[in-house]
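Structure first, commentary second.
The values are calculated or read from the model by the stated rules, or taken from the named source; none is laboratory data. Keep in mind that what you see is a predicted model, and the values were worked out from it rather than measured. Glycine also receives a Cβ, built like all others from the backbone with ideal geometry; neighbour counts cover every protein chain displayed. We work out accessible area using only protein heavy atoms, side chains counted, and drop any ligands, DNA or RNA first. Shrake-Rupley method; radii C 1.70, N 1.55, O 1.52, S 1.80 Å.
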Amino acid sequence: RSVYDDQPNAHQKFMEKLDACIRNHDREIEKMCNFHHQGFVDAITELLKVRADAEKLKVQVTDTNRRLQDAGKEVIAQTEEIIRCRVQQRNITTVVEKLQLCLPVLEMYSKLKEQMSVKRYYSALKTMEQLENLYLPRVSQYRFCQIMIENLPKLREEIKEISMSDLKDFLESIRKHSDRIGETAMKQAQQQKTFSTALQKQNNVNYGRNMHLGRNRILESKNETTLKRTFEDEDEHEEEVLTAQDLVDFSPVYRCLHIYSVLGDGETFENYYRKQRRKQARLVLQPQSSMHETVEGYRRYFSQIVGFFVVEDHILHVTQGLVTRTYTDELWNMALSKIIAVLRTHSSYCNDPDLVLELKNLIVVFADTLQGYGFPVNRLFDLLFEIRDQYNETLLKKWSGLFRDIFEADNYSPIPVANEEEYRIVISKFPFQDPELDKQSFPKKLPMSQSVPQIYMQVKEFIYASLKFSESLHRSSTEIDDMLRKSTNLLLTRTLSSCLQNLIKKPHIGLTELVQIIINTTHLEQACKYLEDFISNITNISQLTVHTARLYGLSTFKDARHAAEGEIYTKLNQKIDEFIQIADYDWTMSESDGRASGYLMDLINFLRSTFQVFTHLPGKVAQTACMSACQHLSMSLMQMLLDSELKQISMGAIQQFNLDVIQCELFASSEPVPGFQGDTLQLAFIDLRQLLDLFMVWDWSTYLADYGQATSKYLRVNPSTALTLLEK
């Protein structure tokens, strides 16, 4: 550092000191070299000696090396081959170890692909689960495993889509086959019902056998044979009938349910299935507009509904949780309300009783079928009672037409029977009994006309028709008996009564026909007790039962008979009026013709012949008709005298009029209808007689003197009437 200081001569001094130091080092080096020089020389000398030997050694070593290399080439080659083989062996061992890990994965994946190809999707999902949890984690470092891991979610989605597609196909299939499924189920229900009925009959036969073993042995044998044949026929028929499982493959819904359950999405599947089935239920419950026109329309409607609920019941019992009893009950209650509304609407259009009866039978089979599957059907049987009323209405309309046709075709004449055979044919149709008529020889005539046995037979046919609807309604014999009697009462009191009333009011029905109608209603009234016996025999309910209703036929026929009687009185009076209208009196004649007027004699002859027809009528009816006719004739003659348009009457006209009244009195005294006491019928003309006697005798003093006294000879002569005629 001092060299660079700014001291004078510092650099020179430094150089001097440096030179002195160098000289000292050189002297030390020289001393050291001098000290080692001899050893160095000796070493060089020794090296020179060794160099020759070293060259020899080098040659020998080179030669040895060459020979060793030549000799070791094969060893090296073998060694390299051994090394290569050992590397290969190590690699093979490593590959085997890795393949042993990978092969199960590949085998499982191959199995997965195979399961997918054969549509074993549930097994494929199980295989995926094993791959993910057990196999793939062992070889997750390989690229193909990553590809597999990425593909598994896609495969799951593919399985979901395929299974959902299969489910949709399944839903479409059961929609198409629901009617066949329902038809099959309804057939099986009918077979079961037939089987139960046959078994019940067999039990009844066995019961009867225990009580009447000897007498009924042959009958029992026949029944057992019949029952056996029935069961064999049922077995053969059952072999031909397919079940719901035969018609529809339910495996898609099972697979789909399992798949969605494995995927943890079971609730979504359940909601989708129930939603789709509700939609299908609405479609099934929607009837065709023309369903009411044919029984096939109703049959197809019921078959579809039964098929739908048979499928749901099957799903309920073979799956866990897909549908529940609560769900099916709610669905059934909704469907039942819709079914009842549809049947009420469409059945109201049915005017054919045969179609209504077919509908009833279908409803019974429909209800029995679904009841067998555990669905409540009481509301359907309640509906049947509503339809029963409608059925009765259609029957009443039909029988109204039948009654009208019978009345139109009747000749209203007594039934002629030429021999015993014809007589038996008539009494086989109508319960007619008359000991007096039985004593008469053939040919003879029955009092009623042809319509009576026909009406009676039609009433029985109506009872049979009503009974057909009451069958299979699960009602007691008492209830059936009550229903039959009520419907028969409606037929008698409303339909037949209306037909009779309309018949009586028809213009072409004359007095002869009215007389025959009265006779007919009398016999029909007497036959009502046989109708009651007929119903009792059908239902096995005694008429002595407290709650047994009675037939109202007695009042019906009495009302019809009274109407006919009134119509007879009216028509008789009208006929009398017609004769009176043709009367042509010369009120100014000076003296009478000496004989009664021609119109009056015709009228009396008409009345005489008419009352002869009344011989078959009850005596009171004929007497009333005769009295009514005479009273009306008397009043008509009196009105003729008192007519305001008649201003003047001669004594000759009075005499002529008196001759006519005498003929009337003679007619009354001839007893045209037996049964009158004394001169009762002649009293119909007493007013005319006393008035005419007053003018014929001109006994005014006596009239005026005795007026108002009970013993007066002219007690029935009204003063105003006498004065009016006196003025004329």
Problem set entry | Ranked order, 53, 693 - accessible area, probe 1.4 Å, largest first | 53, 693
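Of the heavy-atom accessible surface of segment 250-375 (probe 1.4 angstrom), what whole percent is carbon and sulfur? Kindly include the intermediate steps, with their values, before the conclusion.
Values: 2480 of 5290 Å².
Reported share for carbon and sulfur atoms: 47 percent.
What number, rounded to the nearest 500 deg cm²/dmol, is the helix-based mean residue ellipticity at 222 nm of the chain, given -39500 (n - 2.57) per DSSP H run of at least four residues and division by all its residues? Write out the running numbers ahead of the final one.
Numbers: 25 runs with 547 residues, N = 728.
For the chain, the value works out to -26000 deg cm²/dmol.
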Seminar exercise, completed: The lysines whose Cα lies under 29 Å from the Cα of residue 49, excluding any fewer than 8 residues away in the same chain, are 31, 58
Seminar exercise, completed: Given pairs 338/398; 397/468; 119/160; 460/529 and cut-off 21 Å on Cα-Cα distance, the over-length ones are 338/398
Seminar exercise, completed: Subtracting the Cα-Cα distance of residue 79 and residue 464 from 0.36 nm times their residue separation yields 126.9 nm
Exercise. How big is the accessible area of residue 193 in square angstrom, nearest 10, if you roll a 1.4 angstrom probe over the protein chains?
Worked result: 70 Å²
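Per residue, what volume in Å³ does the Cα convex hull of segment 250-375 take up?
On the way: hull volume 11.9 nm³, N = 126.
In segment 250-375, the Cα convex hull volume per residue is 94 Å³.
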Problem set entry | Radius of gyration and maximum dimension Dmax of segment 583-727, Cα, Å | 16.2, 50
Exercise. How far apart, in nm, are the 7 Å Cα→Cβ label points at residue 192 and residue 168?
Worked result: 3.6 nm
Exercise. Cross-link partners among aspartates and glutamates for residue 445, C-alpha distance below 19 Å, same-chain residues fewer than 8 apart left out?
Worked result: 410, 420, 421, 422, 434, 436, 513
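Leaving out ligands, DNA and RNA, and with a 1.4 Å probe, what % of the accessible surface on segment 583-727 is carbon or sulfur? Before the final figure, lay out the partial values.
Numbers: 3780 of 7510 Å².
Here carbon and sulfur together make up 50 percent of the probe-accessible area.
How much accessible area per residue does the chain have, in Å², with a 1.4 Å probe? Mind dumping the intermediate values first?
Values: 41680 Å² over 728 residues.
It amounts to 57 Å² per residue over the chain.
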Exercise. In the full protein assembly as shown, how much of residue 716 is accessible to a 1.4 Å probe, in Å² to the nearest 10?
Worked result: 120 Å²
Problem set entry | Cα principal axis extents for the chain, largest first, Å | 230, 98, 42
